[in-house]
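The values are calculated or read from the model by the stated rules, or taken from the named source; none is laboratory data. Treat the numbers as computed from the prediction; the structure is a model and nothing was measured. Quick reminder, even Gly has a Cβ in these numbers, built from the backbone with ideal geometry, and neighbours come from all protein chains shown. Protein only, heavy atoms only, side chains kept; ligands, DNA and RNA dropped before computing areas. Shrake-Rupley method; radii C 1.70, N 1.55, O 1.52, S 1.80 Å.
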Amino acid sequence: MPDINEIKISPHFLLKDFQCKCCGQVKLHPNLLEKMEKLWEKTNGKFRITSGYRCEKHNKEVGGVINSKHTKGLACDITSENINKTYEILKELGFNFIKLNMKKNYIHVEL
């Protein structure tokens, strides 16, 4: 039987792109998906989601903050080859919060 998270939820994303790494569960706010789709269009898909939804257990294991937006389907972390350019594009898309971590080469975005 195929994995239910293989469902295509937008032109460029499957549900599994946002699933928890430990349990496969997904919570995803439609506005987050919409903004990530816009990012895909502006970068031609030149980024990768490294962390989408996190269950409470996984969030604790990775050192996430209490009440993390990841646990509500309102945040994701991404990486790309040109992280600075991706960061600039993200600023145009209207996220409530964007944090660039150059040391670990990822960007955290949240609604």
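How large is the dipole of the chain about the Cα centre if only Lys and Arg carry +1 and Asp and Glu carry -1, each at its Cβ, rounded to the nearest 20 debye?
Roughly 300 debye for the chain.
A 22 angstrom limit on the alpha carbon distance is what I want to check against. Which of 8/91; 38/60; 35/91 exceed it?
With Cα atoms farther than 22 Å apart: 8/91; 38/60.
Could you put 47, 18 in order of accessible surface area, largest first, with the 1.4 Å probe and the full protein assembly present?
Accessible-area ranking of 47, 18, largest first: 47, 18.
Based solely on its DSSP helices, what 222 nm [θ] is calculated for the chain when runs of n ≥ 4 H residues each add -39,500 (n - 2.57) and the sum is averaged over all residues, nearest 500 deg cm²/dmol?
Mean residue ellipticity at 222 nm (helix-derived): -8000 deg cm²/dmol.
Round to a whole angstrom and tell me the spacing of the C-alpha centers of region 40-59 and region 89-111.
Their Cα centres are 11 Å away from one another.
Find out how many positive minus negative residues lie around residue 55, taking Lys and Arg as positive, Asp and Glu as negative, among other residues whose Cβ is under 12 Å from that of residue 55.
Net charge around residue 55: +4.
Sort 6-14, 76-84 by the packing proxy (mean of other Cβ within 10 Å over each peptide's residues), most packed first.
76-84, 6-14
Computing the accessible area with a 1.4 Å probe over protein heavy atoms, can you report the carbon and sulfur percentage for region 31-111? Working shown, then result.
On the way: 2220 of 4690 Å².
Looking at region 31-111 in its full context, I get 47 percent from C and S.
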